[in-house]
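Rule-based calculations on the coordinates, nothing more; no lab input. Quick caveat: nothing in here was measured; it's all calculated off a predicted structure. As a convention, Cβ positions derive from the backbone with ideal geometry for all residues, glycine included, and neighbour counts pool all protein chains shown.
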Amino acid sequence: MSRNMIYKLYGFAAGAFFLALSKYLFVGNTMLRPKYFVFEFISFALFMAIVYIFDRFIRETIKEKNAVQIQFKKSQDESEEKIMYLQKTIAALRDEQNKDGNQEEIAKVTRQIMAGLKESGDRKNFASRLLNNLSTVYEIGLAVCYMYDEPSEKFTVEATYGLASDVSPDNFVSGEGLNGQAAADKKHRLIADVPEDYFDIESASGQAKPKNIYLLPIVKDDNSIGLIEMASFTQVDLQNNWSELSESIASVMEF
């Protein structure tokens, strides 16, 4: 019940009291005794008491209702905070699990690529085994391994994988062409949408064209000492962990 309605009840009660008194204007003075006024006043007081009690009851009810709503809202907010905290905790645990899984996958890939490299003996055997190891891990169709030759100051071809018999990759110097730029920057690069005349790949089904070229410099002591030019028919997850792979490969290059 609204406050205006309570005020109206008080107004009606006062009106009723004055109407009750007004009837004495129409009776003789001989009938106007004090007990009549007392009786009317007591009746009015009882009526007002009923209205007051009802008013207090309504106010207390509204107050309790508001308190319940406030408590409910507070509990709801606390529950939402707990839910958000649990969701963040679960997301953090999943990220940690994914991170651990990724680290395990990187370690596994690194072991596969590094297999037998330390025992290769010379540059050409090292380069050939490195390309073969890469081909067992990733879906590649072509790869060329260049090693830096200090006397000529060029990156020379040491091994190839999947090249057509009539294709002979050229040596390059740091900063020259795409390969030289990747070696100079010491950063891996991805070339998508390879031009049709880039090169051919030998396969059992004939010649095909790769879709992605990866230029992967091998860096040691902040210098590029080699570069892998690798082509694939689909994108491979190599760029994200190449820095770690490059360090591992460079650490066993002792020639």
Revision key, fill the gap. Counted neighbours (other Cβ, 10 Å), sorted fewest up, put Ile140, Ile42, Ile191 in the order Ile42, Ile191, Ile140
Review point. Using a cut-off of 16 Å between alpha-carbon atoms, which aspartates and glutamates can reach Lys88, once sequence neighbours fewer than 8 places away in the same chain are excluded?
Key: Glu78, Glu80, Glu96
Review point. Mind ordering 172-185, 218-231, 51-64 by average Cβ neighbours within 10 Å, highest first?
Key: 218-231, 172-185, 51-64
Revision key, fill the gap. Applied in sequence order to segment 45-57, the curve 6.51 cos²θ - 1.76 cosθ + 1.60 (Karplus, θ = phi - 60°) yields integer Hz couplings, x standing for Gly and Pro, of 4, 5, 4, 5, 5, 4, 4, 5, 4, 5, 4, 4, 4
Practice item. Go through Lys108/Lys211; Lys108/Lys154; Lys124/Lys187; Lys154/Lys211; Lys108/Lys220; Lys187/Lys211 and tell me which ones have a Cα-Cα distance over 31 Å in this structure. Key: Lys108/Lys154
